[in-house]
Amino acid sequence: MKLSPQRFLHVFACVISILAPPAFAATEATTDPVGFITTSVSGTSTSSPHLSLISPTLMQPVAWQGTITAINSSTITVAGTPWTSNQFNGANGSYYVEVYSATKPGAISDISGTTTSTLTTHDSLSAFGAAGDLIRIRKHVTLSDFLGANNTFGLHGTDDPATADEVLVYSGSSFTSYFYYTGDPSNAAGWYKTYTGDPAGSETIGPNEGVVVKRKTAGSVSITFGGTVKTGNTLIPIVNGLNVLGTVSAQGLTLANSNLYKSDNTALHGSDDPATGDDVTIYSGTGKVTYFYYTGDPSNPAGWYDSFNGIPAGSVTIPAGTAIVVNRKGGGPFNWSLPAPSSF
């Protein structure tokens, strides 16, 4: 998961239940609130697949937390020798690190190397942290974690990807497609890449990545994912063009409190015309609605509005477990500071 944008297409509803209160540790492992999110994926009654856009939202528990002693380009150093070589990479699975402080939102990058006291990251995080700031290390959520190694929630699996439900994980403008193979004497059942046939249960889903489910059969299925709540604001990169973004807010958001628009022009571009303003599309089981930030005039106050009928939309929700499509029509890339939950 690079510190650069994400994914594409359609969503339904979700319910979140938080099961435990938070606790905090200064070093080593820490315990955040835990719970589960249930998201509905709609079926189709036509020959065309029904598309649902979802995201895990909840995360793996913190594997290690502590203080940075030095950060330089893609190397982060901590005191002592708390780790073993390759503890957070390689055969142990895919991990990522978050750099943050009490006043700085979290910036995230994959870990590509581990020594006893240093991490090597895919991206340079030195602009986002300094000595004395904190890091959290977590293992990535995998396809098997999210959907069940044995297709727990009943997406349609077959021996032919042309007829199976597809699961697409987007990265930038590209995606990788997966399906659940029901198995034969030569190949075990499980998640596989649609186009190459490679086993895919360990493929990762980044915290800000959306998952497109192309449901090709009738009937809805419910996907329930349990994990820990992400605390603290989180930087999610947005670039020009289409961005399909999973959210890590277990409380959910509204457009008004999302931080997607800021009057200092450090976020999405507002306008007096939806044709020129950046926009946000939220999908449901029955359709989609697009919104933009209206900069105001003497007759209408500034704020979020429905792009097509002009209805005020600041209270429109971005539920936990879903994802959104952000269309950045101009201007440079920026890091969206997605707000932390204020309560659970």
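The values are calculated or read from the model by the stated rules, or taken from the named source; none is laboratory data. On a predicted model such as this, the values are computed, not experimentally measured, just so you know. FYI the Cβ positions are ideal-geometry reconstructions off the backbone, even for glycines, and counts take in every protein chain you see.
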Spot the failing condition for residue 123; the list is (1) touching a Gly at 6+ places or on another chain (Cβ under 7 Å); (2) outside the structural domain of residue 207 (by TED's automatic domain parsing), and only one is missed. (1)
Can you say whether residue 254 is among the polar types (S, T, N, Q), on the phi < 0 side of the Ramachandran plot and at pLDDT 95 or above, as far as the supplied structure shows? yes
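Do we find that residue 313 is touching an Asp or Glu at 6+ places or on another chain (Cβ under 8 Å), crowded, with 18+ Cβ neighbours inside 10 Å and modelled with pLDDT of 90 or more in this structure?
Details: touching an Asp or Glu at 6+ places or on another chain (Cβ under 8 Å): yes; crowded, with 18+ Cβ neighbours inside 10 Å: yes; modelled with pLDDT of 90 or more: yes.
Taking the combined requirement at face value, the residue satisfies it.
Residue by residue, here is whether (1) of a type in the set (D, E, K, R); (2) modelled with pLDDT of 95 or more; (3) in a loop (DSSP other than H, G, I, E, B) holds:
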residue	(1), (2), (3)
40	no, no, no
44	no, no, yes
48	no, no, yes
51	no, no, no
64	no, yes, no
77	no, yes, no
80	no, yes, yes
86	no, yes, yes
98	yes, yes, no
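Would you confirm whether or not region 174-182 contains a residue that is part of a loop (DSSP other than H, G, I, E, B), over 15 Å from residue 51 (Cα atoms) and either among the acidic types (Asp, Glu) or modelled with pLDDT under 95 (or both)? Before you say what the answer is, go through the steps one by one.
Going through region 174-182, the residues part of a loop (DSSP other than H, G, I, E, B) turn out to be 182.
Going one step further and asking which of them are over 15 Å from residue 51 (Cα atoms), we end up with 182.
Subset that is either among the acidic types (Asp, Glu) or modelled with pLDDT under 95 (or both): none.
The answer is no; no qualifying residue exists.
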Residue ranges of strands (runs of 3 or more DSSP E) in region 107-157 with at least 3 members hydrophobic (A, V, I, L, M, F, W, C) and out of contact with any Cys (no Cβ under 7 Å at 6 or more places or on another chain): 107-114, 134-139
Only one residue in 217, 228, 234 is among the hydroxyl-bearing types (Ser, Thr, Tyr) and within 28 Å of residue 49 (Cα to Cα). Which one? 217
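For (1) assigned by TED's automatic domain parsing to the domain that holds residue 242; (2) among the hydrophobic types (A, V, I, L, M, F, W, C); (3) touching an Asp or Glu at 6+ places or on another chain (Cβ under 7 Å); (4) in contact (Cβ under 8 Å) with a residue 60 or more places away in the chain, each residue gets a yes or a no:
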position: 161; (1), (2), (3), (4): no, no, no, no
position: 164; (1), (2), (3), (4): no, yes, no, no
position: 177; (1), (2), (3), (4): no, no, yes, no
position: 189; (1), (2), (3), (4): no, yes, no, no
position: 192; (1), (2), (3), (4): no, no, yes, no
position: 196; (1), (2), (3), (4): no, no, no, no
position: 201; (1), (2), (3), (4): no, no, no, no
